[in-house]
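Just so it is clear, none of the values below were taken in a lab; they were calculated from the coordinates. Quick caveat: nothing in here was measured; it's all calculated off a predicted structure. Reconstructed Cβ throughout: ideal geometry from the backbone, glycine too, with neighbour counts over all protein chains shown.
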Amino acid sequence: MKPMKIAEGIYQLSVNVEDILFEGLWEIPKGVSLNSYIIKGEKTAIVDGVCGWDGVPESLYALLEQMNITPESIEYLIVNHMEPDHSGWIESFRKINPDFKVVGSKKAKMLLDAFYGKDDNFICVGEGDTLDLGKGHILNFIDIPNVHWPDTIGTFDTLTGTLFSCDAFGSFGKIIDDRIYVDELSKEEQITYEQETIRYFSNVLAAFSLQAKKATAKCSELPVKLVAPGHGLIWRNPEEVFKAYSEYADCSKGPAREEITLIWGSMYGMTRKAVEHAVKVLEEEDIVVHVHEVPKDSWGTVLTSAWTSTGIILAMPTYEFKMFPPMGAVLEELGKKKVYNRKAFRFGSYGWSGGAQKELDEILTRLNMNWDFIEPVEFLGSPLEEDLEKIRIGVKELVKQVKDKILTEKHIG
Ligand SMILES: Cc1cc2nc3c(=O)[nH]c(=O)nc-3n(C[C@H](O)[C@H](O)[C@H](O)COP(=O)(O)O)c2cc1C
């Protein structure tokens, strides 16, 4: 990547990261970009730094060099939040330039001291505060807490209408061929990119949907021309990303889209037979379907599909009086990420006593998931014709319920 001018006096410096688990947890098959931004007034500021590992700070210094900016000449580092994927390079940067001032929220100061040692070169900002860099670049700060850390602020350059939004309005997916704007992607690429944005939202921000919704409403009221997030591409049509983020936030409480996610696991193929049957029934229906096998498909991938699905099918056998363990693990994660109010259907095989239902009920209740289930279908060993027929009826009923829910709650409600 090379430095890219995005507005008068504003440059994006991006470093792609691949082959890591984001937050040490989420797979990112299409990588992720860590975006920093330089604002050049009479004084120079850098917004949203980078992580401290894998040579990433060095890549950032190389980009600065290409711009003929020495790290020593940077006066302010604006940390919209202190998560180490943006702040990890502070230690390295301090060694080169001991004098720069960190600009962030009160909570960011606490985290700065805790992560990298006590640092008094700090300017505390919050809602309504401004920082004048000269040449017209007056920065306004807005509080958007918990999108996604509690210390999060947004930085708005009043001269150019650029909103530096940090994790808000971000996405997974690395930057390819220096194309840094969403509208530079082909239609097909935009569809793939939206999936990456949903993956990012559901994996990283889902638990903070309420706060993301509030932040989106707040940012929509600013005269924003460019949305420049800490990850992913820049939006030259801010209303598009505001609309998208508002929809993703709403998916938490449902209804989401006219989609069904079928999550299944099977040890010896008995439940698998019923799954294959259910998939055939779904294929006859006019509805988008995502099918994921656990534990082969990661939590993050399942969550991405479940996030936008109004209907969920769970298919798994009983294992030691409980659910097949990877199903239990995935469900816990869906609950913690607040995948609420879904229409659902479950079926699966057992050998002697069953028991999957008990654990399923316990998880749903404990995590307040409020999923509305059709009568489950459990079968001893291999599914019989009559079991398959019950599954066919259950799947069709779920499709109907999903469509009805969207019609009544989304379009009319
Ligand atoms: C390790 C293990 C534990 C099991 N525990 C139970 C159990 O507690 N209750 C039960 O009814 N069946 C139990 N079973 C039997 C399975 O549920 C049964 O074989 C089922 O048909 C497996 O379906 P699958 O081929 O889709 O994995 C267990 C099987 C295994 C391998």
Candidate aspartates and glutamates - alpha carbon under 17 Å from residue 280, same-chain residues fewer than 8 apart omitted: 259, 293, 385, 386, 387, 389, 397
For 82, 67, 4, order by how many other beta-carbon atoms lie within 10 Å, fewest first: 67, 4, 82
Along each principal axis, Cα extent of the stretch 21-137, largest first, Å: 41, 34, 27
Relative contact order for the chain, counting Cα pairs under 8 Å that sit 6 or more residues apart, in percent: 12 percent
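Can you run the Rg to Rh ratio on the stretch 46-113? Use alpha carbon positions and the Kirkwood inverse-distance Rh.
For the stretch 46-113, the value is 0.94.
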Taking 290, 137 and counting other C-beta atoms within 10 Å, the order from fewest to most: 290, 137
In degrees, nearest ten, helix 238-250 long axis to first principal axis of the chain (Cα): 40 degrees
Long pairs among 213/336; 174/396; 30/243, criterion Cα-Cα beyond 28 Å: 174/396
Percent of C-alpha pairs per 10 Å bin, the stretch 118-162, short to long: 27, 45, 26, 2
Cα gyration tensor, the stretch 4-250 - rounded (a/c under 1.5), prolate or oblate: rounded
Length-normalised contact order for the stretch 132-171 - Cα pairs under 8 Å, 6+ apart - percent: 33 percent
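When a footprinting reagent is the concern and you count Cβ atoms within 10 Å, what order do 186, 252 take, fewest first?
Placing the least packed residue first, the sequence is 186, 252.
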R0 of 51 Å, Cβ-Cβ distance residue 124-residue 284: FRET efficiency to nearest 0.05: 0.25
Principal-axis tilt of helix 187-200 within the chain, Cα atoms, nearest 10 degrees: 90 degrees
Gain upon complete extension [residue 409, residue 218; 0.36 nm per residue less C-alpha separation]: 66.3 nm
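Find the relative contact order for the stretch 5-56 and round it to a whole percent, using C-alpha pairs within less than 8 Å whose residues are 6+ positions apart.
32 percent
Given the convex hull of the Cα atoms of the stretch 257-412, what is a quarter of its surface area in nm²? Working shown, then result.
Values: hull surface 33.0 nm².
Its average projected convex-hull area is 8.3 nm².
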Overall dimensions of the stretch 133-238 by Cα: Rg and Dmax, Å: 13.9, 42
Over 30 Å (Cα to Cα) - which of 218/343; 218/253; 2/218; 135/225; 338/403; 43/337 fall in this group: 218/343; 2/218; 43/337
Per-pair calculated FRET efficiency, R0 = 51 Å: residue 19 and residue 321 via Cβ, rounded to 0.05: 0.85
Under 16 Å from the Cα of residue 109 - lysines, other chains or at least 8 residues apart: 101, 118
Angle between the chain longest axis and helix 56-66 axis [Cα atoms, degrees, rounded to 10]: 40 degrees
Mean shadow area of the stretch 189-310, taken as a quarter of the surface of its Cα convex hull (nm²): 8.8 nm²
Evaluated over the stretch 68-157, the Cα radius of gyration and Dmax, each in Å: 12.8, 36
Percent antiparallel among DSSP beta bridges (both partners in the chain, rounded to 5): 45 percent
Zero-based 10 Å bins, Cα pair distances in the stretch 209-277, whole percents: 17, 33, 20, 14, 13, 3
Percent breakdown of C-alpha pair distances by 20 Å bin, ordered from the shortest bin, for the chain: 26, 48, 23, 3
Virtual spin-label span in nm between residue 132 and residue 240, 7 Å along Cα→Cβ: 3.7 nm
Computed over the stretch 303-393, Cα set: Rg, Dmax in Å: 13.0, 37
